[in-house]
1. When you scan the range 275-291, how many residues do you find that are over 16 Å from Ile202 (Cα atoms), open to solvent by less than 10 Å² (accessible area, probe 1.4 Å) and modelled with pLDDT of 85 or more?
2. Taking Gly224 and the conditions (1) touching a Gly at 6+ places or on another chain (Cβ under 6 Å); (2) open to solvent by 40 Å² or more (accessible area, probe 1.4 Å); (3) not in a loop (DSSP other than H, G, I, E, B), which numbered condition does it fall short on, given that it satisfies the others?
3. Residues being open to solvent by 60 Å² or more (accessible area, probe 1.4 Å) and either in a strand (DSSP E or B) or over 30 Å from Gly262 (Cα atoms) (or both): count how many of those fall in the range 188-221.
4. Pull up the range 224-237, narrow it to residues that are modelled with pLDDT under 90 and not acidic (Asp, Glu), then point me to the one that is nearest to Tyr62 (Cα to Cα).
5. Among Phe283, Phe377, Phe316, which is under 30 Å from Phe80 (Cα atoms) and either over 31 Å from the mean Cα position of the chain (by Cα) or part of a strand (DSSP E or B) (or both)?
6. Does the range 81-92 hold any residues that are assigned to a strand (DSSP E or B), in contact with a Phe, Trp or Tyr (Cβ under 8 Å, 6 or more places away or on another chain) and either of a type in the set (Gly, Ala, Ser) or open to solvent by 30 Å² or more (accessible area, probe 1.4 Å) (or both), and which are they?
7. Residues Lys341, Lys337, Lys313: which one is in contact with a Phe, Trp or Tyr (Cβ under 6 Å, 6 or more places away or on another chain), at pLDDT 95 or above, among the basic types (Lys, Arg) and surrounded by fewer than 17 Cβ atoms within 10 Å (Cβ to Cβ)?
Amino acid sequence: PGCSSGEELDQLREKQRQIGPLYNDVELFSTSGISQHYGCHYGPDGYVELATFLIRNIAKQYYNGTDTVNIRPPNIKHAFYSDNRTKIKILFEGSRIQSWPADTVYGDVTIVNHSMKDYIYLDGVYGNISGGTVSGDTLILNLITPSFATKISYLPASRDLTDQQVYEGPFLRNPRRLGALSFFEFPIADSLVTAVSLQHLIYSVNNRDVTLNWTTVSEENNAGFEVYRIRKDDNADWTKVGFVQGSGTSFVPVNYFYNDIGLNSGRYNYKLKQIDFNGNFEFFSLNNEVNIGLPPKFLLYQNYPNPFNPNTKIEFDTPAESDVTIKLYDISGKVIKTIVKNSFNAGYHIVQLNSSDLPSGIYYYTIYAASNGNEKFIATKKMVVVK
């Protein structure tokens, strides 16, 4: 509630909630529970709080920020009944719910209590939830009577607030007070069932390239698999690196693969996020650690793209810590510029060349490398600038 309300807004928010699992380059953010919300805008403290939440995600995405714990809002993953249908259990991704929130009290003369149980709807109706608890990653709703509702909603915009203009809580939050994403008419399953039965998830390594292979025994409503990677040597979060389209509904085994190319040395792990067409999802993790070793020798690769304008990449390998210089020459052998001159650790490296200040023509780039063990390496390759 705020600038607008109604079921159309509920449907819009639900579509927004589903964007994250469906698109690799979208990060979801929740404004639920931001302080000093006046309907369409916030007070000064509210904008500071909003900026604080946002900057953590921006720093991670663009500035290699290391503050990556609980910076994503809780997003509903599964909702299902207990055996006797007197409880509904909700699993979230992104981050977990910290606790069941206490009631919020309003008013100076007329005291009004708002309780979270009245802002979670079963088939569009509230009043059958007595309270809730949190156990690990699961929010457990206690029901007054057994329920056969098929859909659950949280903070619907169509809620009629007769006692105040703007809803000020309580809210479901993660441990850093970031509000959970609202959800609208999310399906409640009879039990926790998976839409995809995975037979195996394995990998193979070829130099710097990793190939993941997996097989499904059966699939129901399967939109596809997001592929996530983490480098265990870094203090970093999981990174979404690709998407593999699913087979919808299938009752025969289906084989899938994903190639992750050009990794640096280090220890890695992978997981798959299987997503159905309703936005529900489940994770499957690779049981083994993937190790990309150090290069066995010095090597200079052909630049890519080539021919190029204006930018190209030059890759090279160093088997040990080395001093490296790469120089650019014109066709007469004259040094045009030094592309790089630096010390590099053992590993796989990439440098960029911008040709904005160069005329079209044929050029040569030469690497001069020397390790601390006095091993030396010189190699030259040709590149073409076309404008």
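1. Here the count works out to 2.
2. (2)
3. Adding up the residues that qualify gives 12.
4. The extreme case among them is Ala236.
5. Phe283
6. Passing the criteria: Lys87, Lys89.
7. Lys313
The values are calculated or read from the model by the stated rules, or taken from the named source; none is laboratory data. It should be emphasised that the depicted structure is a prediction, and the values quoted were computed from it without experimental measurement. Reconstructed Cβ throughout: ideal geometry from the backbone, glycine too, with neighbour counts over all protein chains shown. Just so you know, the surface numbers come from the protein's heavy atoms only, side chains and all, with ligands and any DNA or RNA stripped out. Shrake-Rupley method; radii C 1.70, N 1.55, O 1.52, S 1.80 Å.
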